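Written out below as structure tokens is the structure these notes cover.
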Amino acid sequence: MSWSLPIFRVAGIQLRIHVTFLLLIGWLAVGYYAEGGSAAAAGRVFFILLLFVCVILHEFGHAFAAKAFGINTPDITLLPIGGVARLERMRP
Ligand SMILES: [Zn+2]
């Protein structure tokens, strides 16, 4: 997916983060900072990032399930609305 940055690769699956995800985190961080200072901003952003760790694990679940059916997943992209595991094809 264009406008996305490669982060790391696990089992041949590239994890990418879309620029709009980083914009969302930055926008929220600024809002939280204005509301409650740096400690509040750091804590709330950390919580959101932990939620997205769950999203990443969920997407890797899709990718590994697909792999069990012989379908490769070139990459997983994090977007503000969640994650997308891009499977090479769908099972017929
Ligand atoms: Zn899912």
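Solvent-accessible area per residue in the range 21-92 equals 65 Å², computed with a 1.4 angstrom probe and all protein chains kept. Net charge of the neighbourhood of L79, taken over other residues with C-beta under 14 Å away and scored Lys/Arg +1, Asp/Glu -1, is 0.
Taking the average, over residues, of other Cβ atoms within 10 Å as the packing measure, peptides 34-45, 7-18, 77-88 rank 77-88, 7-18, 34-45 from highest down. Each of L24, F46, S4 was scored by the projection of its Cα onto the charge dipole of the chain, and the greatest displacement toward the positive side belongs to S4; charges sit on the C-beta of Lys, Arg, Asp and Glu. Counting only Cβ charges, +1 for Lys and Arg and -1 for Asp and Glu, the dipole size of the range 4-86 around its Cα centre is about 200 debye. Note on L22: accessible area approximately 80 square angstrom, rounded to 10, probe 1.4 Å, nucleic acids and ligands left out. For the range 55-92, chymotrypsin sites (Phe, Trp or Tyr not before Pro) meeting the loop criterion (DSSP other than H, G, I, E, B) and having at most 13 other Cβ atoms within 10 Å: F69.
Helix 19-68 versus the longest principal axis of the chain: what angle, 0 to 90°, nearest 10, using Cα atoms? Orientation of helix 19-68: about 10 degrees from the principal axis.
Please grab the % of Cα pairs in the range 35-91 that end up more than 15 Å from each other. The calculated P(r) of the range 35-91 puts 56 percent of pairs beyond 15 Å.
Take every pair of alpha-carbon atoms less than 8 Å apart whose residues are at least six positions apart; their mean separation over the length of the chain yields a relative contact order of 28 percent. Just the protein heavy atoms count here, and of the accessible area of the range 1-64 at 1.4 Å, carbon and sulfur take up 76 percent. Amide H to amide H, with H built 1.01 Å from N, R16 comes under 5 Å of I7, I76, T77, L78, counting only residues 5 or more places away or on other chains. Using DSSP, restrict attention to beta bridges with both residues in the chain and report what percent are antiparallel, rounded to the nearest 5. In the chain, approximately 75 percent of DSSP beta bridges are antiparallel ones.
The values are calculated or read from the model by the stated rules, or taken from the named source; none is laboratory data. What you see is a predicted model; the values in this text were computed from it and never measured. Note: ideal-geometry Cβ built from the backbone for every residue, glycine included; neighbour counts use all protein chains shown. Accessible surface is based on the protein model in full, side chains and every heavy atom, while ligands, DNA and RNA are left aside. Shrake-Rupley method; radii C 1.70, N 1.55, O 1.52, S 1.80 Å.
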